[in-house]
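The values are calculated or read from the model by the stated rules, or taken from the named source; none is laboratory data. Here the structure is a predicted model, which means the values were calculated and not measured. So basically every Cβ, Gly included, is an ideal-geometry build from the backbone, and we count neighbours across all protein chains shown.
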Amino acid sequence: MSEPKHDETFKVVDRRLFTAEGELRKDVAEQQDRERNAASVLGATPASPKAPVAGGAPAPASSATKPEPRGAEPTTQPALDTPKRSPAFENLIRSLGQNAAILLGGYADPQTGQPMLDLEGAREMIDMLDALREKTRGNLASEEETLVIDVLGNLKLAFMEMTKATAAAAMQDKAKSR
């Protein structure tokens, strides 16, 4: 069976506040005047004019500019929920932290019994954790943020201690060879 064709139409609305010359568009100024007049009639304070946000994008439209059906209660946007804990993210942080600790000599090699020391590898793992912290800033639950900060702090401290110990051992070897 063939389906009937529907003509789809599109309506393009220019939401930019300013013209190409940088002047406030006439319809935006008129809209702001109407809002001020309506607010003064109702006895409310006028809403502040919408200003563009960084990057030239318009500010989100306020609920005052959207008509609501009669009898409908005003809708309010729910507050943003706080991020929820993710066990997978916590496991990722712990795994990267343990790998970095292994590379810093925190654990002995099972075959040789000697601690493994790979400062460059440990630095890369610490840098990965630092990048994860930067990229997830503001999107983590407080427990996750605390975990990332604690793991990074401990690893950076251990890295500095191992770097100093390695440098001191190299200086002693150099002094002995003279």
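For the condition surrounded by 14 or more Cβ atoms within 10 Å (Cβ to Cβ), in a helix (DSSP H, G or I), at pLDDT 70 or above and in contact with a Ser or Thr (Cβ under 9 Å, 6 or more places away or on another chain), what is the one hit in Glu90, Glu144?
Details: Glu90 fails: in contact with a Ser or Thr (Cβ under 9 Å, 6 or more places away or on another chain).
Result of the check over Glu90, Glu144: Glu144.
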Does any residue in the range 24-38 that is closer than 19 Å to Val13 by Cα come within less than 6 Å, Cβ to Cβ, of a residue that is among the β-branched types (Val, Ile, Thr) six or more places away or on a different chain, and which pairs are these? Arg25/Thr19
When you look at Glu120, is it more than 23 Å from the chain's Cα centre (by Cα), free of Cβ contacts under 8 Å to residues at least 12 places away in the same chain and assigned by TED's automatic domain parsing to the domain that holds Ala101, yes or no? yes
Considering only the range 23-49, state which residues are surrounded by fewer than 12 Cβ atoms within 10 Å (Cβ to Cβ) and either touching an Asp or Glu at 6+ places or on another chain (Cβ under 6 Å) or at pLDDT below 80 (or both). Asn37, Ser40, Val41, Leu42, Gly43, Ala44, Thr45, Ser48
Yes/no for Gln98 being over 30 Å from Arg133 (Cα atoms) and either at pLDDT 75 or above or not in a loop (DSSP other than H, G, I, E, B) (or both): no
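Inside the range 123-141, can you point out the residues that are among the small types (Gly, Ala, Ser) and either touching a Pro at 6+ places or on another chain (Cβ under 6 Å) or at pLDDT below 95 (or both)? It would help to see each step written out before you state the result.
Residues of the range 123-141 that are among the small types (Gly, Ala, Ser), as a first pass: 131, 138, 141.
Listed by number, the residues that qualify are Gly138, Ala141.
Test Glu134 against the stated conditions and say whether it is surrounded by 14 or more Cβ atoms within 10 Å (Cβ to Cβ) and of a type in the set (Asp, Glu).
On the way: surrounded by 14 or more Cβ atoms within 10 Å (Cβ to Cβ): no; of a type in the set (Asp, Glu): yes.
For Glu134, the condition - surrounded by 14 or more Cβ atoms within 10 Å (Cβ to Cβ) and of a type in the set (Asp, Glu) - is not met.
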